[in-house]
1. Per q in 0.13, 0.16, 0.21 Å⁻¹, report the Debye log10 I(q)/I(0) for the chain, using one uniform scatterer on each alpha carbon and no solvent.
2. What 222 nm value per residue comes from the helices of the chain, counting each DSSP H run with n ≥ 4 as -39,500 (n - 2.57) and dividing by all residues, nearest 500 deg cm²/dmol?
3. Report, in degrees rounded to the nearest 10, the 0 to 90 angle that the Cα long axis of helix 48-59 makes with the longest principal axis of the chain.
4. In debye to the nearest 20, how big a dipole does the chain give about its Cα centre with +1 on each Lys and Arg Cβ and -1 on each Asp and Glu Cβ?
5. In whole Å and largest first, what semi-axes does the C-alpha gyration tensor of the stretch 40-82 yield when each eigenvalue is scaled by 5 and square-rooted?
6. Lysines within cross-link reach of Lys74: Cα-Cα under 25 Å, excluding same-chain residues under 8 positions apart?
Amino acid sequence: MTTTEKQEIKSMINEIMKPFQDMMKSYFNLFEITKGFTLPFDVSIPNEITLKAMQDADTGTNLTSYDSFDEMLKDLHSQCVK
């Protein structure tokens, strides 16, 4: 294989990989930006309320359904205004 052929192959591979390189650069930039940020609560172990909600979702109990997004917002708003 000649040097010219190697260069052509290298150029073709670089062209094919360019979108992935750009994606990885974006990922690492985002990682650097968010590195110091954390949530203000522990998310590794669900609390009692979250565990109950997960169990209810699994068993299909204590669930509320809505016919529309607006209906859901009205219900949520009425619960907050009490």
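FYI, it's all coordinate maths here, none of it is from the lab. Not measured: the values here are computed from a predicted model. All Cβ positions, glycine included, derive from the backbone under ideal geometry; neighbour counts span all protein chains shown.
1. For the chain at q = 0.13, 0.16, 0.21 Å⁻¹, log10 I(q)/I(0) is -0.80, -0.92, -1.03.
2. Values: 3 runs with 57 residues, N = 82.
Here the helix-only value at 222 nm equals -23500 deg cm²/dmol.
3. Computed tilt is about 90 degrees.
4. On the way: 8 positive and 13 negative charges, 85 e Å.
With Lys and Arg at +1 and Asp and Glu at -1, about 400 debye.
5. Values: eigenvalues 116, 52, 16 Å².
Computed over the stretch 40-82, the values are 24, 16, 9 Å.
6. In chain and number order, the partners are Lys52, Lys82.
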